[in-house]
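> This is the structure I want to talk about, given as structure tokens.
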Amino acid sequence: MEKVKIGIVGLGRLGKRHAFNLANLVPKANLQAVCSLNEAELEWAKKELETPQLFLSFEDMLAHADIDAVWIASSSVFHASQAKTALEHGFHVFVEKPMGVTLQECAEIEHAVQNHQDQVFLVGFVRRFDPSYRYAKELVATGAIGTPFLVRSQTCDLDEYAEFQLEFVKTGGGIFLDMNVHDIDLARWFIGSEIKEIYAKGASYVHPEFAKLGDADNTVCLATFENGAMAILSASRTAFHGHDTHTEIVGSKGILKIGMTPRRNRVEVFDSMGVHSDCIRDFYERFEEGFIAEAREFIECIIEGRKPEIKARDGTAATRIGMAMTESFKKGKVVYM
Ligand SMILES: NC(=O)c1ccc[n+]([C@@H]2O[C@H](COP(=O)([O-])OP(=O)(O)OC[C@H]3O[C@@H](n4cnc5c(N)ncnc54)[C@H](O)[C@@H]3O)[C@@H](O)[C@H]2O)c1
């Protein structure tokens, strides 16, 4: 196979970016079909991507599109059922995070992946494809900071997106599953052990609407791993300066700090206001290279008959831990995994 023919489902805030990347920035991908519930988004695809096949129904796309692989960027609540159906129809599958919003769904995906070993399956933990996180991983592997024993990681979104996120909370699994799922995956990746104990706190300090939905706008969680390591994972929907995702990995011989100051670039302005820099605005601006790299990896795995490093069980583990964080936050007690 020289090129992989792809059908994408979901053309929202992120799906449009994925579709653009697959159509323009992934040389061995051929974006053949797009699917969305929203006709205006399909019109956008027709105009901007010149995609030949447009579908309002996922099932119709699977039945009628000329594709080898399915790229799932729909709302989180549909990820698992669409991934499972696509695998069962013989397609390679990329699925955005979270892989599922219940453990039953995750188990069904793992089962489907197990039963379709010849198909590539990848969960979109994009930070693992970011050049800085990859470099940090290489440094840890060479022993540069000794044995890592603490991961501090946060995901913070601009306050102006809070209104959009209110809608998201209703089906996306809440702040821990939607936002911290990335930090959970990173912590597991860097520590190389499983989380066994969790204590999560949170509240709605700026937007009481989140509390009314049983969610929070700012959270923090302390976790411990089976090997004795620790993690402090936090999330915020109320950053006023910009998108501020960063991670520290503390080891027995040193510390790695990844993206601690979310500067847009290396320019500092010295003027009557003092010294200042522009800030990164959103997750896409921060992780653009990672989004392109994960798409290339998915396509190359299919062409080369390789399996990605990220497994379905990583998707399950992240969902399990995100759900345990939610339970701890809601019940106000420590959760043992
Ligand atoms: N990796 C990341 O950093 C990251 C960042 C943002 C969003 N996401 C994930 O990407 C997914 C999409 O997020 P978004 O912000 O683009 O959401 P969105 O609400 O803007 O878009 C959702 C899209 O899915 C389509 N859709 C929903 N249900 C569908 C169905 N049953 N059949 C066909 N189409 C359907 C909608 O028409 C829309 O095009 C979410 O699961 C989210 O968690 C990941």
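> Given (1) in contact (Cβ under 8 Å) with a residue 40 or more places away in the chain; (2) under 23 Å from the mean Cα position of the chain (by Cα); (3) away from the ligand (no atom under 14 Å from the Cβ), where does Arg17 come up short, assuming only one miss?
That leaves (3) as the condition not met.
> Starting from residues that are out of contact with any Leu (no Cβ under 9 Å at 6 or more places or on another chain) and part of a loop (DSSP other than H, G, I, E, B), keep the ones in the range 205-228 and report whichever is farthest from Ile258 (Cα to Cα).
Within the range 205-228, the first condition is being out of contact with any Leu (no Cβ under 9 Å at 6 or more places or on another chain), and the residues that meet it are 205-206, 208, 211-212, 214, 216-218, 224-228.
With the extra rule that they be part of a loop (DSSP other than H, G, I, E, B), the set shrinks to 205-206, 214, 216-217, 226-228.
Numbers: Tyr205: 27, Val206: 27, Gly214: 32, Ala216: 26, Asp217: 24, Glu226: 24, Asn227: 23, Gly228: 23 Å.
Here the residue is Gly214.
> State yes or no: is Val267 part of a strand (DSSP E or B) and more than 22 Å from the chain's Cα centre (by Cα)?
When the stated conditions are applied, Val267 does not pass them.
> Could I ask something else about it? Report yes if Phe78 is in the same structural domain as Leu122 (by TED's automatic domain parsing), surrounded by 21 or more Cβ atoms within 10 Å (Cβ to Cβ) and either touching a strand residue (DSSP E or B) at 6+ places or on another chain (Cβ under 6 Å) or under 24 Å from Phe291 (Cα atoms) (or both), otherwise no.
Considered against the rule, which asks whether it is in the same structural domain as Leu122 (by TED's automatic domain parsing), surrounded by 21 or more Cβ atoms within 10 Å (Cβ to Cβ) and either touching a strand residue (DSSP E or B) at 6+ places or on another chain (Cβ under 6 Å) or under 24 Å from Phe291 (Cα atoms) (or both), Phe78 comes out as no.
> Name the residues in the range 53-69 that are exposed (fewer than 12 other Cβ atoms within 10 Å of the Cβ) and free of Cβ contacts under 8 Å to residues at least 60 places away in the same chain, would you?
Answer for the range 53-69, where residues must be exposed (fewer than 12 other Cβ atoms within 10 Å of the Cβ) and free of Cβ contacts under 8 Å to residues at least 60 places away in the same chain: just Ala63.
> Filter the range 67-84 down to the residues that are farther than 22 Å from Ile321 by Cβ and part of a loop (DSSP other than H, G, I, E, B), then identify the one that is farthest from the ligand (Cβ to nearest atom).
Filtering the range 67-84 for residues that are farther than 22 Å from Ile321 by Cβ and part of a loop (DSSP other than H, G, I, E, B), the one farthest from the ligand (Cβ to nearest atom) comes out as Asp68.
> Which one of the conditions (1) in a strand (DSSP E or B); (2) out of contact with any Asp or Glu (no Cβ under 6 Å at 6 or more places or on another chain); (3) of a type in the set (A, V, I, L, M, F, W, C) does Val275 fail to meet, given that it meets all the rest?
(2)
> Now for a separate question. In the range 100-120, how many residues are within 16 Å of the ligand (Cβ to nearest atom) and buried (at least 17 other Cβ atoms within 10 Å of the Cβ)?
5
> Looking at Gly174, is it at positive phi and within 16 Å of the ligand (Cβ to nearest atom)?
Yes: the conditions hold for Gly174.
> If the Cβ limit is 6 Å and pairs must be 6+ apart or interchain, which residue in the range 1-13 that is on the phi < 0 side of the Ramachandran plot pairs with which residue that is hydroxyl-bearing (Ser, Thr, Tyr)?
From the range 1-13, the pairs are Val9/Ser74; Leu11/Ser36.
> So which of Leu87, Leu139 is more than 13 Å from the ligand (Cβ to nearest atom), buried (at least 22 other Cβ atoms within 10 Å of the Cβ) and assigned to a helix (DSSP H, G or I)? Spell out the reasoning first.
On the way: Leu139 fails: buried (at least 22 other Cβ atoms within 10 Å of the Cβ).
Of the residues listed, the single one that is more than 13 Å from the ligand (Cβ to nearest atom), buried (at least 22 other Cβ atoms within 10 Å of the Cβ) and assigned to a helix (DSSP H, G or I) is Leu87.
> Among the residues of the range 36-52 satisfying the criterion of being under 26 Å from the mean Cα position of the chain (by Cα) and not in a helix (DSSP H, G or I), which is surrounded by the fewest Cβ atoms within 10 Å (Cβ to Cβ)? It would help to see each step written out before you state the result.
Initial filter on the range 36-52 (under 26 Å from the mean Cα position of the chain (by Cα)): 36-42, 44-45, 48-49, 51.
Of the ones still in play, those that are also not in a helix (DSSP H, G or I) are 36-38, 51.
On the way: Ser36: 25, Leu37: 16, Asn38: 12, Thr51: 22.
Among those residues, the one meeting the criterion is Asn38.
The values are calculated or read from the model by the stated rules, or taken from the named source; none is laboratory data. Given the structure is predicted, the values throughout are model-derived calculations rather than measurements. Glycine also receives a Cβ, built like all others from the backbone with ideal geometry; neighbour counts cover every protein chain displayed.
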